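*Asks:* Have a look at this one before I ask anything.
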Amino acid sequence: MEFGPFLLLALMEGLVTAAVLALTASGLSLVFGIMRVVNVAHGAFFMLGAVLAWFTAQWVPGPPAVAFAVALIVCPLIVGAIAALADTAILKRLNYEPEATIVATIGLLYILEQAALSLFGPDARPVPAPFNIRLQLPWFGYSGYKLAVVAAAIIVLLGVWLILKHTRAGLVMRATQIDRDTARAFGINVDRVYAGVFAMGAGLAAIAAVLIVPIQQAHYLMGGDPLLLSFIVVIIGGLGSLRGTLVAALLIGLSDGVISTFFAPTLAKIIATLVVALVLVFRPQGLFGTRTT
Amino acid sequence: MNGTRALALHLGVLALLLALHFLAPSYHHTNIARIMVLAIYAMGYNIAFGYTGLLSLGHALLFGAGLYGAGLLVYHADAHATLALIAGVLAGGALAFAVGLLALRTAGVAFMIVTLMFAQAGYLTILYFGSYTRGDEGIVIPRAARMLGSLDLSDDGTRYLVALTLFAIALLCNLALVRSPFGRVMVAMRENEERSRMLGYNPFTVKLAALTVSGLYSGLSGAAYGLMFGYVGAGLASVQYSILPMLYVLLGGAGTVLGPFLGALLMFYLIDYASSVTDAHQFVTGAALVLLVLFAPKGILGTIRARAGARGAEWLP
Amino acid sequence: MAAVILLQAHGLTRHFDGLKAVDGVDFVLKEGEIHALIGPNGAGKTTFVSLLSGRIPAQSGTIHLKGRDITKLPAHKRVKAGIAYTFQITQVYAALTVFDNVALAVQSRGAHPIRAAAMAALERVGLETRAGQIAGTLSYGHQRVLEIAMGLALKPTLLILDEPTQGLAQGEIATFKEIVRAVVPETTVLLIEHNMDVVMDLATRITVLNFGTILATGTPEEIRANRAVQAAYLGEPC
Ligand SMILES: Nc1ncnc2c1ncn2[C@@H]1O[C@H](COP(=O)(O)OP(=O)(O)OP(=O)(O)O)[C@@H](O)[C@H]1O
Ligand SMILES: [Mg+2]
């Protein structure tokens, strides 16, 4: 293939990565932004979404599209419910004290991965795509499903944005974000808001996983990379800033697609992790945020 | 009056471990040698986290520095194991110092993520240079290279005694450190950084020094681990190995000298037991972390010390 | 006596999001004096002394200690240079023993042996019998005294006390006054205080701060007679 089409292919792959990453990372960002919780188990929620999608595909009869549609609705709900439970049973009792919370979510990560290993097994398993359309471009064919993933991610993110900006639930979340105690004084049930936000964050990761699993296969250790990449995106975008997260996801996703096509992926990851560390050290407000202090 | 009790208790533990050398069956003999080496790592972690309040998620980088610092030297450069051990200690300390220079500009959650990222970069670097490190598969260090002077580290009995010696040195140094004036300053930094600053202490240098000592311990442990058990692999520098000492310290009691060893001992056998009855041993680790932060954040010895009031600190510094 | 200037601030300024907490303050401390800083709540007293001690960086202006420019010096180096600060909100190490609290101050100035110096510092404020007690279990009054003991244990040339008598009983206030009288003139004292009896009793000079600027400076008599001060401060019951 010539360079131009090659780059186009890399960019398209990058766009898919970016879309899924934007979904996953916005979940992490939402939780951090509103609850100030760094959720290390976020990748495990992602993995859980994928694994549950595989189970759904086994149990729901009929064409793959039906099972997929069921998975897209049911898996995020189940994952969200587990997250809400974890929030109420663990994080709330820790009073969201930052360091204890991180340790607890590390524990949660181990528990969820073990659960997946025990119930799902150590193998990677494929989930059929809901449809198989190939778009024939002049230089190469491209999976129509992958483009649908991009579209779906955009729709979900728009939905999140609408909820946050234009619904009562979003208003309540933002009020809680600004000042937990004042929100409580105004009769907002902060516990419910937190459980809801934590569930929503995990649910977003699960949606991303259900979307990606026909491309990537489900595996009990698949949460590591999305977690790391989400961290990178959230930090570069500015902790807790949803807009920054989206911009960074696009940037990282696209460059990841391009870089890993041309360079060794390990080297790319080394550079990315170092960049993130340095951003946190020298520009804690992120590359796109403005300093508030 | 003060100090003798604690010293007696710690020497007693060492004497007990020496007695176990003659009494313990072979299987436990090997286990305890391993636990003592890992306890050195946990002690190092405790100096940063338990005493100075630096919650790092990246200590595997420092353990790995010792592991690979020593391992690569004997494997590729035919270095003497004694030299390699020293090199491993220094590698841990130097890397801790370098990471500290950057990471200590942050605090709290940001510090945790920065250390995590540095450790991840280190782990990936090991994989990237797979032609030297053999990546995940790792290096098996030949028996001939595992001679500490005339001591053959592949011999079970010798290995136990060398492990005990290193552990004893580490433990007694740790005891001396936390009871020294500098130990007091480390704790002061953990308890109230602003206050300490207004007493004339530079938080950055105090933390950097503590982190460097922590790195020396981690490096020693990593180097000893590689040389004693003859294996150096990337898995030992992965994020799991950053969580491990945290788990040991939380269980045994953060900010106590004996806590890391007690935590390592109990956790090792708990996981060992869990692995024998089910294959879900990761569950034990996860549940232990969650239960500890929820119900016993001070760990075993920390709780005992708090219950014992003023007398507690005399026994368990 | 021919007063030697210990500390001089010029045009010292610190704003918080537009709020002028300290606004272009010129200020002179003479060696060996007990200088009281008074003013209504929120006048900027704590912020002002925090600028002197380096706890908060100044946005503009300069500070000289014995002629040396310390404006850019970080807080811990100012402590080494002789400026000690005791917090308005008690900040002892609650989890450590009383002894360890003072020992931290003592060893910071490199005193030897630490034990003897720390015990001496505790004796000075009458806490020596409580050396082994966990500081957090002390009564509030004793914690305030411990806070002062930590400041004294640094053997500073300038001791800044931020509302040290707040919450103390009458008897404790009397002891406090004796302690302060005993440290001058080796140590110069800058005292933020709401209790006017203490101020009038101890202070050789008084500065009145209001809305981040200096309203008046003078002897206790001059301040008592000052109309503007009366209007802004002394007139109100406090
Ligand atoms: N860190 C800060 N951020 C924002 N505003 C602050 C900060 N510190 C102080 N302020 C504000 O600056 C003003 C001066 O505060 P400061 O504490 O210096 O007053 P004060 O004279 O010590 O009062 P008090 O007698 O109550 O102790 C107040 O309005 C206060 O709310
Ligand atoms: Mg004040």
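The values are calculated or read from the model by the stated rules, or taken from the named source; none is laboratory data. Keep in mind that this is a model prediction, so the values were computed, not measured. A quick note on method: Cβ atoms are made from the backbone with ideal geometry, for glycine too, and the neighbour counts reach across all protein chains shown.
*Asks:* Could you check, for the range A:75-85, whether at least one of its residues is on the phi < 0 side of the Ramachandran plot, within 13 Å of chain B (Cβ to nearest Cβ) and surrounded by fewer than 18 Cβ atoms within 10 Å (Cβ to Cβ)?
*Replies:* Checked against the condition, which is being on the phi < 0 side of the Ramachandran plot, within 13 Å of chain B (Cβ to nearest Cβ) and surrounded by fewer than 18 Cβ atoms within 10 Å (Cβ to Cβ), the range A:75-85 yields at least one hit.
*Asks:* Residue by residue through the range C:102-119, note down the ones that are closer than 17 Å to C:Pro156 by Cα and in contact with an Asp or Glu (Cβ under 9 Å, 6 or more places away or on another chain).
*Replies:* Selection gives C:Ala118 alone.
*Asks:* Of everything in the range A:102-158 that's at pLDDT below 90 and among the polar types (S, T, N, Q), which residue is farthest from B:Ala288 (Cα to Cα)?
*Replies:* Among those residues, the one meeting the criterion is A:Gln136.
*Asks:* Also: Of the residues that make up the range B:132-145, is at least one within 14 Å of chain A (Cβ to nearest Cβ), under 30 Å from A:Phe282 (Cα atoms), touching a Phe, Trp or Tyr at 6+ places or on another chain (Cβ under 9 Å) and at pLDDT 90 or above?
*Replies:* The answer is no, given that none of the residues of the range B:132-145 is within 14 Å of chain A (Cβ to nearest Cβ), under 30 Å from A:Phe282 (Cα atoms), touching a Phe, Trp or Tyr at 6+ places or on another chain (Cβ under 9 Å) and at pLDDT 90 or above.
*Asks:* Within the range C:10-25, can one find any residue that is in contact with a strand residue (DSSP E or B) (Cβ under 8 Å, 6 or more places away or on another chain), within 16 Å of ligand 2 (Cβ to nearest atom) and farther than 27 Å from C:Arg224 by Cα?
*Replies:* yes
*Asks:* Only residues that are modelled with pLDDT of 90 or more and in a loop (DSSP other than H, G, I, E, B): list them for the range C:196-238, please.
*Replies:* C:Ala203, C:Thr204, C:Phe211, C:Gly212, C:Thr219
*Asks:* Report the residue count in the range B:239-257 for those that are within 13 Å of chain A (Cβ to nearest Cβ) and at positive phi.
*Replies:* Selection size over the range B:239-257: 0.
*Asks:* Which of the helices (runs of 4 or more DSSP H) found entirely inside the range A:173-264 contain at least 3 residues meeting this: over 27 Å from A:Ala148 (Cα atoms) and not acidic (Asp, Glu)?
*Replies:* Those helices (runs of 4 or more DSSP H) span A:180-185, A:190-216.
*Asks:* For C:His76, work out the one condition from (1) in contact with a Phe, Trp or Tyr (Cβ under 7 Å, 6 or more places away or on another chain); (2) of a type outside the set (Lys, Arg); (3) near ligand 1 (Cβ under 9 Å from one of its atoms) it doesn't fulfil.
*Replies:* Failing condition for C:His76: (3).
*Asks:* For a quick check of your reading: which strands (runs of 3 or more DSSP E) sit entirely within the range C:33-130 and have at least 2 residues that are touching a residue at least 12 places away in the same chain (Cβ under 8 Å), within 16 Å of ligand 2 (Cβ to nearest atom) and away from every other protein chain (no Cβ under 14 Å)? It would help to see each step written out before you state the result.
*Replies:* Working: elements: C:34-38, C:60-65, C:83-86.
Output list reads C:34-38.
*Asks:* One residue is enough: does the range B:246-262 have a residue meeting the conditions touching a residue at least 24 places away in the same chain (Cβ under 8 Å), under 16 Å from the mean Cα position of the chain (by Cα) and surrounded by fewer than 20 Cβ atoms within 10 Å (Cβ to Cβ)?
*Replies:* First, pick out the residues of the range B:246-262 that are touching a residue at least 24 places away in the same chain (Cβ under 8 Å): B:246-262.
In the following step, the residues that additionally are under 16 Å from the mean Cα position of the chain (by Cα) were identified as B:246-262.
Checking which are surrounded by fewer than 20 Cβ atoms within 10 Å (Cβ to Cβ) leaves us with none.
There is no residue in the range B:246-262 that is touching a residue at least 24 places away in the same chain (Cβ under 8 Å), under 16 Å from the mean Cα position of the chain (by Cα) and surrounded by fewer than 20 Cβ atoms within 10 Å (Cβ to Cβ).
*Asks:* From the list A:Arg168, A:Arg180, A:Arg125, which one is within 30 Å of A:Pro63 (Cβ to Cβ) and either in contact with a helix residue (DSSP H, G or I) (Cβ under 8 Å, 6 or more places away or on another chain) or more than 14 Å from chain B (Cβ to nearest Cβ) (or both)?
*Replies:* Being within 30 Å of A:Pro63 (Cβ to Cβ) and either in contact with a helix residue (DSSP H, G or I) (Cβ under 8 Å, 6 or more places away or on another chain) or more than 14 Å from chain B (Cβ to nearest Cβ) (or both) holds for just one of A:Arg168, A:Arg180, A:Arg125, which is A:Arg125.
*Asks:* While we're on this one: Write out, first by first residue and then by second, each pair whose Cβ atoms fall under 8 Å of each other, whose residues are 6+ apart or on separate chains, and whose first residue, in the range A:271-293, is facing another protein chain (nearest Cβ under 7 Å) while the second is modelled with pLDDT of 90 or more and in a loop (DSSP other than H, G, I, E, B).
*Replies:* Within 8 Å, the pairs are A:Leu280/B:Thr106; A:Val281/B:Arg105; A:Val281/B:Thr106; A:Pro284/B:Thr106.
*Asks:* Condition check: out of contact with any Phe, Trp or Tyr (no Cβ under 8 Å at 6 or more places or on another chain) and either in a helix (DSSP H, G or I) or buried (at least 22 other Cβ atoms within 10 Å of the Cβ) (or both). Does B:Gly200 satisfy that?
*Replies:* Taking the combined requirement at face value, the residue satisfies it.
*Asks:* Condition first: polar (S, T, N, Q), within 9 Å of ligand 1 (Cβ to nearest atom) and within 23 Å of B:Leu199 (Cβ to Cβ). Now tell me which residues in the range C:21-57 satisfy that.
*Replies:* If the condition is that a residue be polar (S, T, N, Q), within 9 Å of ligand 1 (Cβ to nearest atom) and within 23 Å of B:Leu199 (Cβ to Cβ), then C:Thr46, C:Thr47, C:Ser50 are the ones that fit.
*Asks:* Of the conditions (1) under 17 Å from the mean Cα position of the chain (by Cα); (2) surrounded by fewer than 15 Cβ atoms within 10 Å (Cβ to Cβ), C:Thr62 clears all except one; give me its number.
*Replies:* Here C:Thr62 clears every test but (1).
*Asks:* Something else: Just wondering, is there one or more residues in the range C:145-161 that are free of Cβ contacts under 8 Å to residues at least 40 places away in the same chain, assigned to a loop (DSSP other than H, G, I, E, B) and either more than 16 Å from ligand 1 (Cβ to nearest atom) or more than 11 Å from chain B (Cβ to nearest Cβ) (or both)?
*Replies:* No, that holds for no residue.
*Asks:* Can you confirm whether the range C:169-178 contains a residue that is on the phi < 0 side of the Ramachandran plot and within 16 Å of ligand 1 (Cβ to nearest atom)?
*Replies:* So far as the range C:169-178 goes, no, none of its residues is on the phi < 0 side of the Ramachandran plot and within 16 Å of ligand 1 (Cβ to nearest atom).
*Asks:* Give the range C:11-25 a look and list any residue that's without any contact (Cβ under 8 Å) to a residue 40 or more places away in the chain and either within 17 Å of C:Thr46 (Cβ to Cβ) or of a type in the set (Asp, Glu) (or both), or say none.
*Replies:* Within the range C:11-25, C:Phe16, C:Asp17, C:Leu19 meet the criteria.
*Asks:* Can you find a residue in the range B:28-51 that is free of Cβ contacts under 8 Å to residues at least 60 places away in the same chain, on the phi < 0 side of the Ramachandran plot and out of contact with any strand residue (DSSP E or B) (no Cβ under 9 Å at 6 or more places or on another chain)?
*Replies:* Looking for residues that are free of Cβ contacts under 8 Å to residues at least 60 places away in the same chain, on the phi < 0 side of the Ramachandran plot and out of contact with any strand residue (DSSP E or B) (no Cβ under 9 Å at 6 or more places or on another chain), one finds at least one in the range B:28-51, hence yes.
*Asks:* Kindly indicate whether any position in the range C:218-230 is of a type outside the set (A, V, I, L, M) and within 16 Å of ligand 2 (Cβ to nearest atom).
*Replies:* No, every residue in the range C:218-230 fails to be of a type outside the set (A, V, I, L, M) and within 16 Å of ligand 2 (Cβ to nearest atom).
*Asks:* Pick out the one residue from A:Ala104, A:Ala100, A:Ala89 that is more than 21 Å from the chain's Cα centre (by Cα), facing chain B (nearest Cβ under 7 Å) and part of a helix (DSSP H, G or I).
*Replies:* On the way: A:Ala104 fails: more than 21 Å from the chain's Cα centre (by Cα); A:Ala89 fails: facing chain B (nearest Cβ under 7 Å).
The conditions single out A:Ala100.
*Asks:* What number of residues in the range C:151-208 are of a type in the set (Lys, Arg) and either surrounded by fewer than 18 Cβ atoms within 10 Å (Cβ to Cβ) or over 18 Å from C:Leu6 (Cα atoms) (or both)?
*Replies:* 2
*Asks:* When you scan the range C:170-212, how many residues do you find that are among the polar types (S, T, N, Q) and either within 14 Å of chain B (Cβ to nearest Cβ) or within 16 Å of ligand 2 (Cβ to nearest atom) (or both)?
*Replies:* 3
*Asks:* Same structure, new question: Given (1) away from chain B (no Cβ under 14 Å); (2) at positive phi, where does A:Asp191 come up short, assuming only one miss?
*Replies:* Status for A:Asp191: all satisfied but (2).
*Asks:* Then there's this: Of (1) farther than 30 Å from C:Gly11 by Cα; (2) more than 16 Å from ligand 1 (Cβ to nearest atom); (3) in contact (Cβ under 8 Å) with a residue 40 or more places away in the chain; (4) under 19 Å from the mean Cα position of the chain (by Cα), C:Leu202 satisfies all except one. Which?
*Replies:* Result: C:Leu202 fails condition (1) only.
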